[in-house]
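Notes to accompany the following structure.
The values are calculated or read from the model by the stated rules, or taken from the named source; none is laboratory data. Being a predicted model, the structure only gives us computed values, none of them experimental. Here Cβ is always computed from backbone atoms with ideal geometry, including for glycine, and neighbour counts include all displayed protein chains. In case anyone asks, the SASA skips ligands and DNA or RNA and just uses the protein heavy atoms, side chains included. Shrake-Rupley method; radii C 1.70, N 1.55, O 1.52, S 1.80 Å.
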Amino acid sequence: MRKIGILALAGVLTVLLAGCGGGDNRDTVVIQSLSDQPVDGDIGFTAPATFLISQADATRNVFYGVDSGGTEFRAFLDFPLDGSNGGGVVPLNAVIVSADIEVFVNNLSLSSSTPTLLDLVPFPVTGLTSADFDSAPLLTRSSFDILQSDINNFVRIDVTSLMAEAQRLGLTNLQLRFLLDFVPGAAGLVELDDGAAGRAPLLTVEYRR
């Protein structure tokens, strides 16, 4: 359901679907919001205590996983929910029906598949810090795999549970952290595109008013 062309022209796609029949006739609204590139970024950690922080407005990508030298990367994406980036607005009293993000996989190296965790986690919009690498998540969705076949393709990831929790907590941004799920045999380094709007991370939320 990527509607990036409409977003580029109008800033937001909003669809009102009037309820028909049944007991709940409230409108369903669908909004979309690109991630906030100046806030997005990644953090690399090399034991015992070296951190390397990159912001996506400079690199135009984000990484997560473990590279060939043993540095672990975690990627951070920020999706404003208040329209401050020109995207759609999710009112604080909205009931979340569904939510997903679409990311474009530039590359996957060092593995044929990378088991991935996705955290709902707050981090500063003024810039990542080393403390954000391992800060306690508010909620984590179930693990999923990024595959070699995903390279140069969009991947849609269900984030309904994370969006619903952000809404319950009254958050004005959906802030997500990608990291390697360290199950036995886990490996790989994933590069996600965070450049031009046509391939930038995109959040889609359906809610009832």
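In the set ASP145, ASP57, only one residue is touching a strand residue (DSSP E or B) at 6+ places or on another chain (Cβ under 7 Å) and of a type in the set (D, E, K, R); that residue is ASP145.
Looking at the structure I just gave you, is ALA75 hydrophobic (A, V, I, L, M, F, W, C) and assigned to a helix (DSSP H, G or I)? Considered against the rule, which asks whether it is hydrophobic (A, V, I, L, M, F, W, C) and assigned to a helix (DSSP H, G or I), ALA75 comes out as no. Residue count for the stretch 154-209 satisfying the condition of being part of a strand (DSSP E or B), within 17 Å of GLN32 (Cα to Cα) and open to solvent by 10 Å² or more (accessible area, probe 1.4 Å): 10. Pairing each residue of the stretch 134-149 that is assigned to a strand (DSSP E or B) and modelled with pLDDT of 95 or more with any residue that is of a type in the set (Gly, Ala, Ser) and surrounded by fewer than 14 Cβ atoms within 10 Å (Cβ to Cβ), provided the two are 6+ apart or on different chains, yields C-beta distances under 9 Å for LEU147/SER112. Scanning the stretch 95-126 for residues that are open to solvent by 10 Å² or more (accessible area, probe 1.4 Å) and either outside any strand (DSSP E or B) or in contact with a Phe, Trp or Tyr (Cβ under 7 Å, 6 or more places away or on another chain) (or both) yields a total of 13. Note on the stretch 25-72: among residues that are among the β-branched types (Val, Ile, Thr) and outside any strand (DSSP E or B), the one that is nearest to PRO124 (Cα to Cα) is VAL39. Of the numbered criteria (1) more than 16 Å from the chain's Cα centre (by Cα); (2) in contact (Cβ under 8 Å) with a residue 24 or more places away in the chain, the one THR126 fails is (2).
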